[in-house]
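The next block holds one structure in the form of structure tokens; read it before the comments.
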Amino acid sequence: MIAKVQPPSGRRAVLALGGGGARGLAHFGAAQAVYESGIEAERMVGVSIGSLAGAMLALDDSPTHVQQQLLEYLESDDFESKQESLIGTQPTADKASAGLLAWYDQIKSYLWARHMLGRVFRRRSLLSGGVLEQVIARLIPDMDIADLPVPLSIVAVDLKSGHPIVLERGPLRKAIAASAAIPGIFPPVSWEGMLLCDLGVLDSLPTEVARGYASDLVIGIDVGPRLARSERCESALHVLLRMDEIGERMLRRYSQQRADILIQPDVGHCPWFDFGNARRLIVAGFEAGRTAIANWQREQPEQDVPSSRIVPNCVAYDALAAAKHRS
């Protein structure tokens, strides 16, 4: 493993970890870049997959150890079976083509190919929350949010009142499940008279919430997809879901402006459910984080810095580099 010597910056930041399903794996590389820079994370604020990433990073002060723990699980047979139950068993060609579809096309394909349209009308969600809860339980201990070593705020939305909710106490696993409960896909979670689900489908970068906690900097990690042009708006479903995409992108532009440092990993067109490129997504986050922080540092006035410390490099980066060398 490569070691780098970096001076502590003396700066503190609240990390705003955005939603994006599997694309949120880039959070773990971006957090490594923040750690490497010497900027201290004083709080994590997460929505959807960002709440899971925030909890894992708040539990362990070594991002490389967190990466190792995560990769070991994602590459295990147990997780592979979980993902298969999520996307279903389909012919290989169908899976390959589905990976190229936009989010709204995948939903349409999923509904019709799996004969699940009736569930939209009969059930609260297309999938049960069991798989999501099992994955969270493998990665997160059963504890209270308030007991984390680094403070964590988990963002969700209450379907009953229509208000955004920020959770800072209560069962950690349940709070993550609530924040990650994609509307219509996973069931909402009951919480103290509320009915919580994922706000990230609308407001996927919680920099506004993070701004309320920050004593110094807000670092936003945006893992949302780029808004690509679409020629397919021939059905009501296409139109509705396309408008959701457009609305989320417009709000995300505003949220990006609320960050002092904005990290935008190149997550490509990775579907929210495809965790097969974990290492590459972590590396994308790491490289984007280093670039964003270096650009920000160049704009800062010269400062004297204390003695240096040694910070380990990105686990996924080292593994990919070694694999490339062997080939």
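The values are calculated or read from the model by the stated rules, or taken from the named source; none is laboratory data. Since the structure is predicted, the reported quantities are computational estimates derived from the model, not experimental observations. Here the Cβ is made from the backbone with ideal geometry for all residues, glycine too, and neighbour counts use every protein chain on show. All accessible areas refer to the heavy atoms of the entire protein, side chains included, with ligands and DNA or RNA removed. Shrake-Rupley method; radii C 1.70, N 1.55, O 1.52, S 1.80 Å.
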Fill in: In Å², nearest 10: area of Leu17 left accessible to a 1.4 Å probe
0
Worksheet item: Which value, in Å², gives the accessible area per residue of the range 211-252 when a 1.4 Å probe is used on the protein heavy atoms?
Response: 55
Worksheet entry | Accessible surface of Arg249 - all protein chains present, 1.4 Å probe, nearest 10 Å² | 40
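Sort Asp60, Asp266 by accessible area with a 1.4 Å probe, largest first. Before the final figure, lay out each step's value.
Values: Asp60 35, Asp266 125 Å².
Ranked list, largest accessible area first: Asp266, Asp60.
From the square roots a ≥ b ≥ c of the eigenvalues of the alpha-carbon gyration tensor of the range 161-306, which class results: rounded (a/c under 1.5), prolate (a/b over b/c), or oblate? Please list the in-between numbers first.
Numbers: a/c = 1.87, a/b = 1.30, b/c = 1.44.
It is oblate, given that a/c is not under 1.5 and a/b is not larger than b/c.
Provide the gained length on full extension for the span Ser76 to Tyr254, in nm with one decimal, where the gain is 0.36 nm per separating residue minus the Cα-Cα distance. Mind showing how you got there, number by number?
Values: separation 178, 0.36 × 178 = 64.08 nm, distance 3.84 nm.
Stretched out fully, the Ser76 to Tyr254 stretch lengthens by 60.2 nm.
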Worksheet, complete the sentence: Taking 0.36 nm per residue of separation between Asn295 and Met243 and subtracting their Cα-Cα distance, the length gained on full extension comes to 15.3 nm
Practice prompt. Starting from the Cα-Cα distance between Leu159 and Glu192, subtract it from 0.36 nm times their residue separation and give me the gain in nm to one decimal.
Written response: 10.6 nm
Discussion item. Taking the full set of protein chains and a 1.4 angstrom probe, give the accessible area of Tyr254 in square angstrom, rounded to the nearest 10.
Written reply: 110
Worksheet item: In terms of solvent-accessible area of protein heavy atoms at a 1.4 angstrom probe, what is the ranking of Arg11, Arg253, Arg173, highest value first?
Response: Arg253, Arg173, Arg11
Worksheet, complete the sentence: Here, Ala228 and Ser62, labelled 7 Å along Cα→Cβ, have an inter-label distance in nm of 3.9
